[in-house]
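K.L.:
First, the structure itself, so that you have it in front of you.
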Amino acid sequence: MRGIHPDLLTAEERLDEIAEILANGVLRFLEKRNSRTSLNKQQKPLDSVSEQSVYGDQSIPQKQGDEHHDQ
């Protein structure tokens with residue numbers, strides 16, 4: 001912004017000022033959104049569902065001889 005009173009600007013100069021203000025606002029919005037997105041990618045929420053347990057296979061191993069109970 002030039003600091004000139006709007007009454008002293010032509011219509012084209014006023015539109016240029018408005019366009020500059022809007023463009024700066026859009027850039028600030030995008031920068032803020034991108035910084036939040038990158039932070040969210042770095043954080044691992046505790047309530048997320050995982051494909052596999054962090055402890056590996058959780059099936060209970062059978063003792064030898066337990067497979068033939070119905071004999």
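K.L.:
Among the residues of the stretch 11-49, write down those that are at pLDDT below 95, of a type in the set (S, T, N, Q) and part of a helix (DSSP H, G or I).
P.N.:
Result: 34, 35, 37, 38, 40, 42.
K.L.:
Would you mind stating whether residue 56 is of a type in the set (Gly, Ala, Ser) and at pLDDT 95 or above? Steps first, please.
P.N.:
Details: of a type in the set (Gly, Ala, Ser): yes; at pLDDT 95 or above: no.
For residue 56, the condition - of a type in the set (Gly, Ala, Ser) and at pLDDT 95 or above - is not met.
The values are calculated or read from the model by the stated rules, or taken from the named source; none is laboratory data. Everything numeric here is computed off the predicted structure, so don't read it as measured data.
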